[in-house]
Every structure is written in C-alpha cells, then in structure tokens.
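Remarks on the structure that follows.
The values are calculated or read from the model by the stated rules, or taken from the named source; none is laboratory data. Values in this document were obtained by computation on a predicted structure and should not be read as measured data. When we count neighbours, we look across all protein chains shown, and the Cβ atoms used for this are built from the backbone with ideal geometry, even at glycine.
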Amino acid sequence: MECEICGADGAGYIILVEGAKLNVCRDCSGAGKLLRAPAPPRAAAPARAARLELEVADGYGKLIADARKRMGLPLEVLAERINEKHSFLERVEHERTLPDEKLARKLEKELGIKLLQEVSSGAPVDVKDRQGAGMTLGDILEIQKGKKK
Ligand SMILES: [Zn+2]
C-alpha cells in the first residue's frame with residue numbers, strides 16, 4: 001500500500017489526521033494521531049518461552065497392561081471405567097494404537113501411572129533476550145500466564 005501523504009511504498013501505519021484515517025509510511029506516521037503501527041514480525045507467530053509437547057512414553061502398552069494387572073482389573077472393566085471400547089484398549093495395550101492425550105490422561109488417572117512425558121519442540125527461546133526487544137503487551141501477558149502455571 002502506498003503512503004497517502006508522500007506516496008512511498010509500504011504504508012503500514014494508520015494515523016488519524018483531522019478526523020480522517022490515513023495509511024501512511026513510517027516517515028509520515030508522526031503527522032497525526034497514531035492509530036495502528038505495523039505489527040512486528042515476531043508478533044505474527046507468538047513464540048512461547050518454551051513450547052512443550054506431550055508424548056506418550058515408550059512401552060506404553062506394557063505400562064498400561066502391567067498396571068492394570070497389578071490392580072487386578074480385567075480389560076473390560078478398565079475399558080468401562082474410562083468409557084472406552086474394550087477392543088480399542090486392547091489395541092492400545094498391544095501398542096497397535098497410540099493413545100491420544102485424552103485417553104492417556106484417563107489411563108494415567110485410573111491406573112496411577114505416568115504415560116505422558118513433556119518434550120520441548122523447536123529451538124528454546126531465551127526469554128531474557130526477548131525482554132525489551134520489540135515485545136508486545138501480548139508477549140508479556142503470554143509470559144506472565146506461563147509463569148503462573
Ligand atoms: Zn509517507
């Protein structure tokens with residue numbers, strides 16, 4: 001978009017001049033009341049301080065089967081307790097099907113085992129480097145939310 005004041009390319013700013021909204025370039029953005037500045041590139045895809053993903057532990061089938069047997073729970077009973085199909089649970093125990101997070105959580109709770117492990121994905125982001133460097137309010141809120149967890 002062209003700047004409506006000087007005609008330069010790349011008018012990413014919107015300013016208010018005498019009641020009219022104008023798309024202007026950075027140089028002209030001081031000509032009125034700034035309504036919107038272009039979002040910094042990093043704001044488009046907010047990076048979490050550390051993105052964690054959950055992964056089902058290796059040997060989950062055995063973990064489930066062992067815990068279940070330890071508790072003396074027939075597969076059918078366990079299936080009923082967590083509201084899943086017996087045949088589906090059997091496939092999970094034989095590791096022919098990977099349980100999704102929801103099912104894994106139910107099994108963890110029911111059997112008192114740990115099936116999900118956190119793995120970080122992507123490059124870890126150094127929070128210290130980000131502070132003050134083009135951080136948006138959204139970024140700060142995101143970080144504060146993360147801290148409270
Ligand atoms: Zn301009």
*Residues Gly146, Gly132, Gly122: which one is in a helix (DSSP H, G or I), at pLDDT below 95 and not charged (D, E, K, R)?*
Gly146
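Among the residues of the stretch 16-33 satisfying the criterion of being in contact with a helix residue (DSSP H, G or I) (Cβ under 9 Å, 6 or more places away or on another chain) and closer than 13 Å to Glu2 by Cβ, which is nearest to the ligand (Cβ to nearest atom)?
Val24
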